[in-house]
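The values are calculated or read from the model by the stated rules, or taken from the named source; none is laboratory data. Model, not experiment: these values are computed from the prediction. As a convention, Cβ positions derive from the backbone with ideal geometry for all residues, glycine included, and neighbour counts pool all protein chains shown. What goes into the accessible areas is simple: the full protein's heavy atoms, side chains included, and nothing from ligands, DNA or RNA. Shrake-Rupley method; radii C 1.70, N 1.55, O 1.52, S 1.80 Å.
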Amino acid sequence: MHWIIPLALLIIFESLADIFAKEYSIKGHWYFWVAGIVGYIIANAFWLSAIKNGSQLGRGAIIFSVVSAILALIIGVYFYHESTNKIQIIGMILGIVSVILIFWE
């Protein structure tokens with residue numbers, strides 16, 4: 001399970017890059033664009049490490065996608081006051097169930 005730490009760092013840096021991208025879209029400052037690109041590059045370096053250390057492509061991609069989507073939804077709702085609906089909440093719950101099932105052995 002040496003791949004969990006790089007996968008967690010991937011999710012953290014991807015979430016930070018998403019925040020910088022959102023800030024760039026709102027304020028248009030070039031340094032948010034640069035910070036976002038740098039965040040995405042660092043995140044993908046951790047993705048390569050996670051795959052190399054055994055996350056497997058399918059399992060790692062599903063965990064990354066679901067967890068980063070949930071974080072993006074939380075950040076969007078609480079920090080940027082974006083709206084969500086019942087269907088999106090159900091999708092988030094199903095995503096959490098899918099991650100639980102990925103780890104189930």
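The table below gives the values:
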{"read-out": "Amide hydrogen neighbours beyond the local backbone of Trp3, cut-off 5 Å, H modeled", "value": "none"}
{"read-out": "For the range 14-97, accessible area per residue (1.4 Å probe, heavy atoms of protein chains only), Å²", "value": "65 Å²"}
{"read-out": "Debye, to nearest 20: dipole size of the chain, +1 on Lys, Arg Cβ, -1 on Asp, Glu Cβ", "value": "60 debye"}
{"read-out": "Equivalent-ellipsoid semi-axes of the range 6-45, from the Cα gyration tensor, Å, largest first", "value": "20, 9, 4"}
{"read-out": "Global form of the range 43-101, assessed from the alpha-carbon gyration tensor, a/c cut-off 1.5", "value": "oblate"}
{"read-out": "Interatomic Cα distance distribution for the chain, bins of 10 angstrom, percent", "value": "15, 39, 33, 12, 0"}
